[in-house]
Amino acid sequence: MARQNRRDFIRNSVVAGGIALSAPVWIEKAFGIEAGMAVASHIPRDGWVNLGCPAHNCGGRCLLKVLVRDGVITRIETDSREKDTAADPQLRACLRGRSYRKRQYHPDRLQYPLLRTGRRGEGQFKRISWDEAYDLMASKMLEIKEQYGNEAFHVPYGTGSYSHLNGRWPAARLINLFGGSLDYYNSYSWAAISKATPTVYGTGVCGNQRQDWLNSKYILMWGWNPAEMRDGTNSEYFLKLARQNGARVVCIDPRMTLSAVALADEWIPIRPGTDTAMMSAMAYIMIREGLVDREFIQTHCIGFDKTQMPKGLENEESYTDYILGNRDGIPKTPVWAAKITGVPAATITRIAREFGTIKPAMLYQGYGMQRRAYGEQPVRGGCVLASITGNIGIPGGWASGIALQPGGGPFWSIFPTGINPVKAKIPVFLWTEAILRGPELTEKEGLIGVDKLSTGLKFIWAVASNILINQHSNTNRTAEILRNEDLVKFIVVQDQFLTSSAMFADLVLPACTHFETWGLEDGWKYGEEVFVMPQIVEPYGESQSDFAICAGLAKKLGLAEAFTEQLDERGWTKRLWDEFRQLRFPELPDFEEFLKSNQGVYTVPVEHPEISFADFRRDPEKHPLKTPSGKIEIFSEQLFRMDQPVEIPPIPKYIQEWESPFGPEADSYPLQAIGPHYMSRVHSTHDNIDWLQSAFPQRLFINSVDAQTRGIEDGDEVTAFNHRGQIHLPCRVTPRIMPGVVSIPQGSWSHFGKDGLDEQKNVNTLVSERWTPLAFGNAQHTIMVEVKKR
């Protein structure tokens, strides 16, 4: 059977299933073509409906206004509530949410369960019934459980559907009822930052509510791009208000991002992976010129200099020792840092003086810098800069790090997944290692809960997840692992499209969109709101909600009553709504009354924003931190005791990355590549939406200096390559990226050609599978490549 692309397969599967249509009925209705099928009438939705934007881990949570006519979504707008203040702003959707009709009515939507008929990755499937799919999946689960035990099962990380009722949560609940599975900890997004921040503060809750940003007078946007990735709906709006209120905003980033253009007063390009060098040089100026807050350091910090070292470690290297070069003989001067970072020494000196003298100040770290080799170091470095300048626990200040908001919530999910009987957990990024050498993994690879695993992974159930291929590192290596049926015995992918990961599945289950089922969502990292997401249209074809799929499988496994607790999606939505009343919002209205109001979102105005560490600032003895010392740990005794000073130093240090422009690999691959978020996608979600691709096409961005030396002109087709693979895509020649760096936005779908290699535009083809030393997190922005004209 010849290989088919996704579009051909979906089209042909309709005919093969005995339903030969010129176009699916729902597409005909959506675009005004004559309809040939009536829509079921049990969904009482006709007219404008306010509801939460479908949750895809975009960095925001927004309100959509959706017009439904005759069971079809015909128009999507966004929040237009009259009240719109800093305390309670509108929650306005970006172009991804507003274009959602193109995803809802995409011709490639999966309609039926599919069973693989060729080799994994070839895209050869046949249509089967749901009963056949459930029987097959249940039998494989029982077979693998009997032969290998429950450590052989894995429901991997996935955020393609991220409401409280949909996505991987129902699958996790069912697999726990089935006896459990090998679990994971941490995330692809925040591995290093979520691990490193508590080594300084004892917690990740170290941010202020965003309304407090208006009190700041100086803001460093360090590798942070909220105009594209959002990082909480309205973060860019609050920055705009802060700037209007007199704050100076400086963006430090290898790219002149949309945020740098729209929100900053100055853009400072920096070489990727060298942020800690610049931070160290800033600290050098502050220490030498007396710009640090000595009183705060003495009363609230530990490890700044030799007078503050932990008991018994007085002779170890302090932060000041490192910065001044007292032990290694290398003072971390701006001149030293300029050679590493590419930022002029005079600029580093000026930024240090500004950050040290303009109060209060805020250093907000983006997440790209911690998805790199030694990504823990800039996280700790940013926290230390905030601490030594005394910008902790005060209005307008900011502790840096992961900066979760105080007060509890938002929550990623409150759907009860139950207790996992399997105690073993691996770092989220190491699932391929658990396939290849599961029983060999130890605490050195981040295994927790057990000393060793009894087996490698044999059964993978990926729900709303494209990490099996697309979002994981080194896609060619990962594809070879998954092709080997002696390693993983059975792969199930549950999604709305035949994604790159679904192409490697043995069984593909078609899932509903959020518009076709019920759910809830609250804010993304920040915000005081909760959205209701009612079902407003019928499921497409034979697709089912994630909950319904799990309920059907639970019935085959004899677990239906325990799984559903005799509630459907709507019943569970009401239960979770009522739980929010207990957890966050005591004044939350009655569920049925709120539905009738058609508000879509319940918000709580923030008139007096909470400040993290305010009590600690006021009285550190009475309100100590949850660190071992009770203070801000510039020197971490916990990290010192790990006895890995080269890769996990107890104070933040600049460490040259394992792939670097300063290493021998640069002789063959002289350009640094980064894979940032892109306006047209949420990770890989929306990559198949033509409106978004037209506005933001997948391209390689290259500086004119680098393009000229390679004979490349704007719009040329180019190849980016290294020893792991190559990708082909058009280029954009621009001064808005630092020389020596190319940008290839992450999330473009992989496609494997006849030679079995990824021949598309996915930057992860070029990325190493090596992980960071402390958090065992992904380092997917550490890449060296060469680029040539095709």
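The values are calculated or read from the model by the stated rules, or taken from the named source; none is laboratory data. The structure displayed is predicted, hence computed values, not measured ones. Here the Cβ positions follow ideal geometry from the backbone for every residue, glycine too, while neighbour counts run over all protein chains shown. Keep in mind that these areas ignore ligands, DNA and RNA; they rest on the heavy atoms of the full protein, side chains included. Shrake-Rupley method; radii C 1.70, N 1.55, O 1.52, S 1.80 Å.
Here are the numbers:
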{"quantity": "Low-density loop positions, trypsin sites (Lys or Arg not before Pro), the range 55-164 - DSSP coil, at most 14 other Cβ in 10 Å", "calculated": "Lys83, Arg119"}
{"quantity": "Loop GluC sites (Glu not before Pro), the range 628-673 (other Cβ atoms within 10 Å of the site Cβ: 16 or fewer; DSSP)", "calculated": "Glu647"}
{"quantity": "Leu67-Ser668 FRET efficiency (beta carbon distance; Förster radius 60 Å; 0.05 resolution)", "calculated": "0.60"}
{"quantity": "Estimated FRET transfer efficiency (Glu266, Ala562; beta-carbon r; R0 60 Å; 0.05)", "calculated": "0.55"}
{"quantity": "Trypsin sites (Lys or Arg not before Pro) restricted to DSSP loop in the range 354-399 with at most 16 other C-beta within 10 Å", "calculated": "none"}
{"quantity": "Residue-span extension gain [Lys596 to Ser694] - 0.36 nm each, minus C-alpha spacing", "calculated": "31.4 nm"}
{"quantity": "Ser500 long-range amide H proximity, modeled H, under 5 Å", "calculated": "Ser750"}
{"quantity": "3J(HN,Hα) from dihedral phi, the range 92-108, Karplus parametrisation 6.51/-1.76/1.60, rounded to Hz, x for glycine, proline", "calculated": "8, 6, 8, 5, 5, x, 6, 9, 5, 4, 5, 7, 4, 10, 6, x, 9"}
{"quantity": "Residues in the range 728-769 reached by a label modelled at Glu717 [backbone nitrogen below 12 Å; 7 Å Cα→Cβ]", "calculated": "728-731"}
{"quantity": "Long-range HN-HN contacts of Glu316 with modeled amide H, under 5 Å", "calculated": "none"}
{"quantity": "Correct option for Kirkwood radius over Cα pairs in Å [calculated from the coordinates] among [x] 27.3; [y] 28.4; [z] 29.2", "calculated": "[x]"}
{"quantity": "Label point distance in nm, Ile448-Ser139, each placed 7 Å from Cα along Cα→Cβ", "calculated": "4.0 nm"}
{"quantity": "Calculated from backbone phi, Karplus (6.51, -1.76, 1.60) coupling profile of the range 733-741 in Hz, x at Gly/Pro", "calculated": "8, 8, x, 8, 8, 5, x, x, 10"}
{"quantity": "Using a Förster distance of 30 Å, the FRET efficiency for Lys622-Glu587 (Cβ separation, nearest 0.05)", "calculated": "0.45"}
{"quantity": "Modelled label reach - Gln644, point 7 Å along Cα→Cβ, the range 444-481 residues with backbone N closer than 14 Å", "calculated": "444-448"}
{"quantity": "Calculated from backbone phi, Karplus (6.51, -1.76, 1.60) coupling profile of the range 570-578 in Hz, x at Gly/Pro", "calculated": "5, x, 5, 4, 5, 4, 5, 4, 5"}
{"quantity": "Interchain or long-range residues, amide H under 5 Å from Trp48's placed H", "calculated": "Val68"}
{"quantity": "Contour excess over end-to-end distance, with Cα ends at Arg294 and Arg483 and 0.36 nm allotted per residue", "calculated": "62.1 nm"}
{"quantity": "Simple spin-label estimate for Asn315 and Thr734 in nanometres, 7 Å along Cα-Cβ", "calculated": "5.5 nm"}
{"quantity": "Reachable aspartates and glutamates from Lys65, criterion Cα separation under 12 angstrom, eight or more residues apart if same chain", "calculated": "Glu77, Asp79"}
{"quantity": "Accessible area in square angstrom per residue, the chain, 1.4 angstrom probe", "calculated": "36 Å²"}
